[in-house]
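Student: Dropping a structure here in structure tokens format, bear with me for questions.
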Amino acid sequence: MNGILKILIDIASTPAILVALIAVLGSVLQKKSTADIVKGGVKTFVGFLVVTAGAGVIVGALAPFGEMFKVAFNMQGVIPNNEAIVAVALNQYGTSTALIMLSGMIFNILIARFTKFKYIFLTGHHTLYMACMVAVIMSVAGFTSVSLILLGGLVLGLIMSISPALVQRFMVDLTGNDSVALGHFGAVGYALSGYVGKLVGNKEKSTEDINFPKSLGFLRDSTVSIAITMTVIYTTVALFAGPTYIQENLSSGTNYLIFALQQSGSFAAGVFVILAGVRLILNEIVPAFKGISDKLVPNAKPALDCPILYPYAPNAVLIGFFSSFVGGLVSMIIMIFTGGIIILPGVVPHFFCGATAGVIGNSSGGLRGAIAGSFLQGMLISFLPVFLMPVLGQLGFAGSTFSDADFASSGIILGVLANTGGKTAIIIGIGIVVAILFGLTALDKSKKTVTAD
């Protein structure tokens with residue numbers, strides 16, 4: 001039994017396999033030919049591996065940048081990084097994390113089946129990270145065994161259902177349809193970017209309409225513009241960090257400026273690979289998901305990882321990253337002068353979350369929306385972790401913490417409930433959220449009935 005459970009958990013935590021199986025299921029429910037079923041499953045599987053490979057290249061290129069930044073400007077503090085904090089937490093909370101993840105996915109499907117929140121969250125690694133955070137906070141609050149697994153799974157399922165809903169209106173504006181959702185736990189920040197963009201920007205003046213002089217026409221190519229811009233940024237930080245540190249600790253003796261150039265090119269290559277993988281996935285998963293929607297969960301929408309947005313506005317990806325990172329720098333300066341915990345800008349979250357916020361801000365408010373929205377998102381993911389760390393128990397002193405906005409906002413809410421009324425307050429809070437979901441569903445059905453009449 002334990003062996004079967006481990007296999008199921010491994011499948012659930014491997015996005016490429018999970019989404020490929022869902023694509024296969026969708027094709028089977030549509031009674032497609034064996035050839036089409038195999039083709040759709042394999043292309044979806046490969047597409048996700050391509051995206052994962054691209055993300056790995058980007059993370060690899062950004063990791064030394066973060067180290068160089070700390071040395072260049074002599075900064076010490078907490079670096080928000082999901083992978084780092086989860087690696088520490090799994091030593092103590094591994095079993096409960098796995099079981100909460102499994103039950104959370106089941107609750108996500110049930111919520112999609114019986115409420116208006118028709119989102120099937122398919123970003124496996126984020127599901128794992130959120131399950132880990134929920135396991136930590138609810139264990140600190142006193143939950144154990146069955147109550148921890150079931151209530152923790154219900155909390156996870158609710159977050160997996162609500163998070164895509166927060167940003168779906170902007171997804172519809174961006175993609176032109178309501179067939180796909182965003183499955184990435186930064187939705188609070190993305191929604192903020194969308195609303196700020198709508199408030200301060202003009203969607204008619206898109207980042208993609210930037211007119212470069214003819215002599216700079218090559219910058220219209222996103223790969224070229226990303227590579228050149230990252231070379232400037234990387235080289236600047238390398239100059240401040242100095243050749244001795246870089247060549248002794250990061251580049252294995254390679255000249256520090258050559259190393260900066262290599263990492264900049266790797267970053268651009270990673271973005272190029274991600275965009276190719278996204279196109280491959282969307283061409284298969286969206287049509288295949290119709291079978292699941294029609295047969296199992298009517299009108300269900302696949303909630304996919306944030307790189308699915310990048311092809312819609314490549315310029316906004318880069319603008320969003322830089323604006324978010326600047327927001328992190330401004331936040332860090334404020335923390336230095338106000339004392340207390342200093343959150344250093346985590347380059348990886350500022351890229352993935354900032355780029356996504358930039359695309360959404362651009363969809364609602366054009367260039368100004370992309371800049372302002374992603375800047376505020378960058379400040380949000382800098383300050384929220386300050387309030388999350390105290391509710392993580394001893395894990396709050398690990399030198400790292402969860403980075404994206406939904407982790408912090410969900411964790412803070414759970415922590416406040418636990419500190420206010422312990423386990424009882426958390427149970428009541430969960431009950432209220434479930435009641436709201438079903439209440440909104442009933443209200444939506446009544447509106448549709450009135451309209452039909």
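The values are calculated or read from the model by the stated rules, or taken from the named source; none is laboratory data. Note that this is a predicted model, so its numbers are computed, not measured. Because the Cβ atoms are built from the backbone with ideal geometry, glycine has one as well, and the counts that use them run over all protein chains shown. Side chains are part of the model used for accessible areas, which takes the heavy atoms of the whole protein and leaves out ligands, DNA and RNA. Shrake-Rupley method; radii C 1.70, N 1.55, O 1.52, S 1.80 Å.
Student: Given the conditions (1) under 24 Å from residue 52 (Cβ atoms); (2) surrounded by fewer than 19 Cβ atoms within 10 Å (Cβ to Cβ), which single one is not true for residue 177?
Tutor: (1) is the only condition that residue 177 fails.
Student: Cβ-Cβ below 6 Å, separation at least six or inter-chain, first residue in the range 233-253 and under 12 Å from residue 64 (Cβ atoms) and in contact (Cβ under 8 Å) with a residue 24 or more places away in the chain, second open to solvent by 50 Å² or more (accessible area, probe 1.4 Å) and among the aliphatic types (A, V, I, L, M): which pairs?
Tutor: 241/71; 245/71
Student: Can you confirm whether the range 142-164 contains a residue that is hydroxyl-bearing (Ser, Thr, Tyr), within 26 Å of residue 197 (Cα to Cα) and more than 15 Å from the chain's Cα centre (by Cα)? Break it down stepwise before answering.
Tutor: From the range 142-164, those hydroxyl-bearing (Ser, Thr, Tyr) are 144-145, 147, 161, 163; that's our starting set.
Filter again for within 26 Å of residue 197 (Cα to Cα), leaving 161, 163.
Checking which are more than 15 Å from the chain's Cα centre (by Cα) leaves us with none.
Scanning the range 142-164 turns up no residue that is hydroxyl-bearing (Ser, Thr, Tyr), within 26 Å of residue 197 (Cα to Cα) and more than 15 Å from the chain's Cα centre (by Cα).
Student: While we're on this one: Mind counting the residues in the range 249-270 that are more than 29 Å from the chain's Cα centre (by Cα) and not hydrophobic (A, V, I, L, M, F, W, C)? Steps first, please.
Tutor: Of the residues in the range 249-270, the ones more than 29 Å from the chain's Cα centre (by Cα) are 249, 251-258.
Right, trim to not hydrophobic (A, V, I, L, M, F, W, C) and you get 249, 251-256.
Final tally of qualifying residues: 7.
Student: Same structure again: Would it be correct to say that residue 198 is at pLDDT 85 or above and not β-branched (Val, Ile, Thr)? Don't jump to the end; show me each part of the working.
Tutor: Numbers: at pLDDT 85 or above: yes; not β-branched (Val, Ile, Thr): yes.
So residue 198 fits the description; yes.
Student: Determine, yes or no, whether residue 320 is under 18 Å from the mean Cα position of the chain (by Cα) and part of a helix (DSSP H, G or I). Don't jump to the end; show me each part of the working.
Tutor: Values: under 18 Å from the mean Cα position of the chain (by Cα): yes; part of a helix (DSSP H, G or I): yes.
So residue 320 passes the test.
Student: Count, please, the residues in the range 135-147 that happen to be in contact with a Gly (Cβ under 9 Å, 6 or more places away or on another chain), part of a helix (DSSP H, G or I) and of a type outside the set (Val, Ile, Thr).
Tutor: At the first step, the residues of the range 135-147 found to be in contact with a Gly (Cβ under 9 Å, 6 or more places away or on another chain) are 135-143.
Next cut, part of a helix (DSSP H, G or I) only: 135-140.
The next check asks that each one be of a type outside the set (Val, Ile, Thr); those that pass are 135, 138-139.
Number of matching residues: 3.
Student: Taking the stated definitions as given, is residue 120 within 30 Å of residue 431 (Cα to Cα) and surrounded by fewer than 22 Cβ atoms within 10 Å (Cβ to Cβ)?
Tutor: no
Student: Kindly indicate which of 102, 49, 110, 62 is without any contact (Cβ under 8 Å) to a residue 60 or more places away in the chain and either in contact with a Ser or Thr (Cβ under 6 Å, 6 or more places away or on another chain) or in a helix (DSSP H, G or I) (or both). Walk me through how you get there before you give the answer.
Tutor: Working: 102 fails: without any contact (Cβ under 8 Å) to a residue 60 or more places away in the chain; 49 fails: without any contact (Cβ under 8 Å) to a residue 60 or more places away in the chain; 62 fails: without any contact (Cβ under 8 Å) to a residue 60 or more places away in the chain.
Selected residue: 110, the only one of 102, 49, 110, 62 that is without any contact (Cβ under 8 Å) to a residue 60 or more places away in the chain and either in contact with a Ser or Thr (Cβ under 6 Å, 6 or more places away or on another chain) or in a helix (DSSP H, G or I) (or both).
Student: Then there is this: Yes or no: residue 327 assigned to a helix (DSSP H, G or I) and touching a Leu at 6+ places or on another chain (Cβ under 9 Å)?
Tutor: Values: assigned to a helix (DSSP H, G or I): yes; touching a Leu at 6+ places or on another chain (Cβ under 9 Å): yes.
Yes; evaluated as a whole, the condition is true for this residue.
Student: Also, quick follow-up: So residue 303 fits all but one of (1) over 30 Å from residue 25 (Cβ atoms); (2) in contact with a Ser or Thr (Cβ under 8 Å, 6 or more places away or on another chain); (3) not in a helix (DSSP H, G or I); what number is the exception?
Tutor: Of the numbered conditions (1) over 30 Å from residue 25 (Cβ atoms); (2) in contact with a Ser or Thr (Cβ under 8 Å, 6 or more places away or on another chain); (3) not in a helix (DSSP H, G or I), the odd one out for residue 303 is (1).
Student: What are the pairs with Cβ atoms under 7 angstrom where one residue, in the range 333-350, is part of a strand (DSSP E or B) and the other, located anywhere, is among the hydrophobic types (A, V, I, L, M, F, W, C)? Sequence gap at least six, or different chains.
Tutor: Hits for this filter: 343/78; 343/332; 343/335; 343/386.
Student: Also: Looking only at residues in the range 248-290 that are touching a Pro at 6+ places or on another chain (Cβ under 7 Å), closer than 18 Å to residue 57 by Cα and modelled with pLDDT of 85 or more, which one is most open to solvent (accessible area, probe 1.4 Å)?
Tutor: Only one residue fits best here, namely 250.
Student: Identify all residues within the range 1-44 that are modelled with pLDDT of 85 or more and among the polar types (S, T, N, Q); write none if there are none.
Tutor: Across the range 1-44, the qualifying residues are 33, 34.
Per-residue answers, yes or no, for (1) closer than 30 Å to residue 37 by Cα; (2) touching a Cys at 6+ places or on another chain (Cβ under 9 Å); (3) surrounded by fewer than 21 Cβ atoms within 10 Å (Cβ to Cβ):
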site	(1), (2), (3)
227	no, no, yes
241	no, no, no
297	yes, no, yes
304	yes, no, no
331	no, no, no
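Student: While we're on this one: Among the candidates 85, 79, single out the residue that is outside any helix (DSSP H, G or I) and within 23 Å of the chain's Cα centre (by Cα). Quick ask: steps written out before the conclusion?
Tutor: Values: 85 fails: outside any helix (DSSP H, G or I).
Matching residue, one of 85, 79: 79.
Student: Within the range 141-174, track down each residue that is over 30 Å from residue 311 (Cβ atoms), aliphatic (A, V, I, L, M) and surrounded by fewer than 18 Cβ atoms within 10 Å (Cβ to Cβ).
Tutor: If the condition is that a residue be over 30 Å from residue 311 (Cβ atoms), aliphatic (A, V, I, L, M) and surrounded by fewer than 18 Cβ atoms within 10 Å (Cβ to Cβ), then 146, 150 are the ones that fit.
Student: If you take the residues in the range 411-444 that are more than 19 Å from residue 147 (Cα to Cα) and in contact (Cβ under 8 Å) with a residue 60 or more places away in the chain, which one is most open to solvent (accessible area, probe 1.4 Å)?
Tutor: Among them, the one singled out is 438.
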